[in-house]
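Take a look at the structure set out below.
The values are calculated or read from the model by the stated rules, or taken from the named source; none is laboratory data. These numbers come from a predicted model, not from an experiment. Don't worry about glycine lacking a Cβ; one is built from the backbone with ideal geometry, like all the others, and counts go over all protein chains shown.
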Amino acid sequence: MSKQLHEVRDPIHIFINYNNNERRIIDSAPFQRLRHIHQLALTYLVYSGATHRRFEHSLGVMHLASKIFDTITRPQNLENAPKAIRDELSDESRMMEWRSTLRWAALCHDIGHLPFSHAAEKDLLPEGIDHETMTKRLVLDTMESVWNKFGPVKPTPEIVAKIAVGPEKTNDLPPFSPVETLLSEIITHDVFGADRMDYLLRDSLHTGVKYGSFDLHRLIDTMRILKAVSLEPNDTSEEPALGVERGGLEVAESLLMARYLVFSQVLFHPVRRIYDKHLADFLKAWLLDGVFDVKLESYLKLTDNEVLAAMLEASLDQTKPGHDHAIRIMSRNHFRKVYQLTRQDLSRVVDVLDKVREILAERYGENNVRYDDISKRTSLDPTNSDFPILTQDGRTQLASAESGVMTGLPDAVTGYVFVAPEHADDARQFLNKSLEKLIGDWQAEGDD
């Protein structure tokens with residue numbers, strides 16, 4: 001008899017189990033490609049352990065999504081869910097069909113990523129296309145042979161795609177049902193979606209940075225399906241939303257704090273950021289017309305491996321496109337940070353970062369200067385990323401009304417100016433002597 005259940009060891013979740021249908025997705029070309037896409041781009045050049053891939057992250061998201069589903073669909077945990085959700089999930093066979101669909105969508109949620117994940121996405125895709133767009137296209141247009149082998153229940157590819165990438169990226173597909181909205185939130189929720197939970201824990205482990213830790217099991221145990229709390233008076237709609245019992249509020253706070261610290265300490269690390277810039281510069285020179293080919297057959301053939309091979313070749317041959325950018329990466333001769341934006345600079349009436357970039361470009365030449373202006377919302381946005389909590393007396397209210405931590409976290413914001421290493425010392429000395437006066441002059445110009 002053939003084996004029906006399979007398992008894989010995982011450093012975060014110990015064992016991840018999957019069945020034959022899920023194995024068909026895992027063994028497919030779009031999913032196997034994720035073995036060759038680094039989760040954190042070139043971060044391993046800074047944090048040497050950060051060599052993990054989108055492949056194991058996607059397995060982890062499937063694992064966590066089903067853990068969340070199993071918790072929130074327990075009969076005693078459905079008491080406060082909207083009636084449409086209770087009715088749909090009260091039928092055990094329907095509930096198991098939805099659970100399977102959720103796991104398929106969780107597996108597929110990242111299959112559209114470019115080589116080196118997010119580092120290669122900005123400005124390197126045709127307008128209007130991002131990795132979620134490519135995920136949707138791959139699910140709908142390349143996996144028919146995979147879906148046809150499923151049994152006894154076959155997927156509806158449109159539903160898998162919708163749940164995998166969420167409403168914002170699927171406007172061309174039929175509207176979301178209440179259950180589809182809920183399942184998509186389990187994967188993509190801005191605070192405690194399975195995607196975010198797994199990458200925080202996984203990135204923290206592989207970088208050796210402990211800031212990404214939080215009490216995963218306590219958070220999942222307190223998650224519930226609740227009615228979305230509307231800011232509009234007299235709103236009687238029963239839209240479902242993921243939320244937590246009041247006892248889970250502190251661990252949700254710790255997750256947001258972990259996210260803020262991981263962004264600040266790992267993802268915004270200046271050396272990591274300049275390698276992203278060098279990588280983007282190389283790709284613009286190496287790719288035809290400076291953008292990725294989004295024909296699906298071509299897309300599936302391109303991974304980190306092909307880019308790294310081209311980069312190595314270019315670093316050894318000055319006639320190859322992108323030679324100067326490739327050699328920066330391969331020899332670790334990256335541009336050096338000479339200026340970092342401060343919180344005080346953010347409050348000024350002039351864009352100090354751009355002014356520093358401009359004056360250094362005049363001094364050393366545009367080709368010898370790069371700048372990076374980055375920010376990520378990490379606090380709870382009451383108008384967008386807020387979520388309901390269930391109080392001990394049975395009321396439902398917004399987390400932002402109860403938590404000062406969630407709304408008080410600063411956004412992760414910074415900016416850098418980098419210059420070529422041969423000019424770095426001179427640039428630092430120049431800024432040390434001149435920056436305060438320059439800022440004063442710029443402020444006066446801005447006041448005028």
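On inspection, I159 fails the criterion of being in contact with a strand residue (DSSP E or B) (Cβ under 6 Å, 6 or more places away or on another chain) and in contact (Cβ under 8 Å) with a residue 24 or more places away in the chain. If you filter the stretch 312-335 down to residues that are farther than 19 Å from G290 by Cβ and of a type in the set (A, V, I, L, M, F, W, C), you find that the one that is farthest from the chain's Cα centre (by Cα) is L316. Being touching a Phe, Trp or Tyr at 6+ places or on another chain (Cβ under 6 Å), outside the structural domain of G193 (by TED's automatic domain parsing) and surrounded by fewer than 17 Cβ atoms within 10 Å (Cβ to Cβ) holds for only one residue in K437, K376, K355, K433, and it is K376.
The number of residues in the stretch 342-400 being touching a helix residue (DSSP H, G or I) at 6+ places or on another chain (Cβ under 8 Å), part of a loop (DSSP other than H, G, I, E, B) and farther than 30 Å from G243 by Cα comes to 3. Under the condition of being touching a residue at least 60 places away in the same chain (Cβ under 8 Å) and surrounded by fewer than 18 Cβ atoms within 10 Å (Cβ to Cβ), the residues counted in the stretch 363-373 number 1. Only one entry in K227, K169, K210, K162 is surrounded by 16 or more Cβ atoms within 10 Å (Cβ to Cβ), modelled with pLDDT under 95 and under 23 Å from the mean Cα position of the chain (by Cα), namely K169. For the stretch 80-91, the criterion of being hydroxyl-bearing (S, T, Y) and buried (at least 19 other Cβ atoms within 10 Å of the Cβ) is met by none of the residues.
Among D215, D203, which is the only one that is modelled with pLDDT of 95 or more, surrounded by fewer than 22 Cβ atoms within 10 Å (Cβ to Cβ) and on the phi < 0 side of the Ramachandran plot?
D215
Yes/no per residue for (1) out of contact with any Pro (no Cβ under 6 Å at 6 or more places or on another chain); (2) in the same structural domain as N384 (by TED's automatic domain parsing); (3) among the β-branched types (V, I, T); (4) closer than 16 Å to M62 by Cα:
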position	(1), (2), (3), (4)
T133	yes, no, yes, no
A161	yes, no, no, yes
L173	yes, no, no, no
I186	yes, no, yes, yes
M197	yes, no, no, yes
S204	yes, no, no, no
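Could you tell me which residue of the stretch 28-61 is surrounded by the most Cβ atoms within 10 Å (Cβ to Cβ), considering only residues that are free of Cβ contacts under 8 Å to residues at least 60 places away in the same chain and under 18 Å from the mean Cα position of the chain (by Cα)? It comes out as S58. Out of L302, L308, L341, L360, one residue alone is under 30 Å from the mean Cα position of the chain (by Cα), farther than 30 Å from K136 by Cα, surrounded by 14 or more Cβ atoms within 10 Å (Cβ to Cβ) and hydrophobic (A, V, I, L, M, F, W, C). It is L341.
So which helices (runs of 4 or more DSSP H) are wholly in the stretch 121-219 and hold at least 1 residues that are within 26 Å of E245 (Cα to Cα)?
157-165, 178-188, 194-207
When V251, V271 are checked against the criterion of being of a type in the set (A, V, I, L, M), in a helix (DSSP H, G or I) and in contact (Cβ under 8 Å) with a residue 60 or more places away in the chain, V271 stands alone in meeting it. Checking each residue in the stretch 36-55 for being over 17 Å from H278 (Cβ atoms) and part of a helix (DSSP H, G or I) picks out H36, R54, F55.
Results for (1) closer than 29 Å to E180 by Cα; (2) of a type outside the set (D, E), shown as yes or no for each residue.
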position: A228; (1), (2): yes, yes
position: E239; (1), (2): yes, no
position: R246; (1), (2): yes, yes
position: R272; (1), (2): no, yes
position: V294; (1), (2): yes, yes
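Looking across E7, E22, one residue alone is at pLDDT 95 or above, crowded, with 18+ Cβ neighbours inside 10 Å and more than 30 Å from R272 (Cα to Cα). It is E22.
Take the conditions (1) more than 29 Å from the chain's Cα centre (by Cα); (2) within 21 Å of R363 (Cα to Cα); (3) touching a residue at least 40 places away in the same chain (Cβ under 8 Å); G394 misses just one of them, which is (2).
Determine whether the stretch 321-331 contains at least one residue that is farther than 15 Å from L45 by Cβ, assigned to a helix (DSSP H, G or I) and not assigned by TED's automatic domain parsing to the domain that holds L114. Yes: one or more hits. Here is the figure for the stretch 91-143: residues that are closer than 16 Å to K169 by Cα and hydroxyl-bearing (S, T, Y) total 2.
I want to confirm something. Restricting to the stretch 56-95 and keeping residues that are of a type outside the set (S, T, N, Q) and not in a helix (DSSP H, G or I), which single residue is nearest to G243 (Cα to Cα)? Among them, the one singled out is A81.
Which residue, of L267, L279, is surrounded by fewer than 22 Cβ atoms within 10 Å (Cβ to Cβ) and either modelled with pLDDT under 95 or over 15 Å from the mean Cα position of the chain (by Cα) (or both)?
One residue alone meets the criteria, L267.
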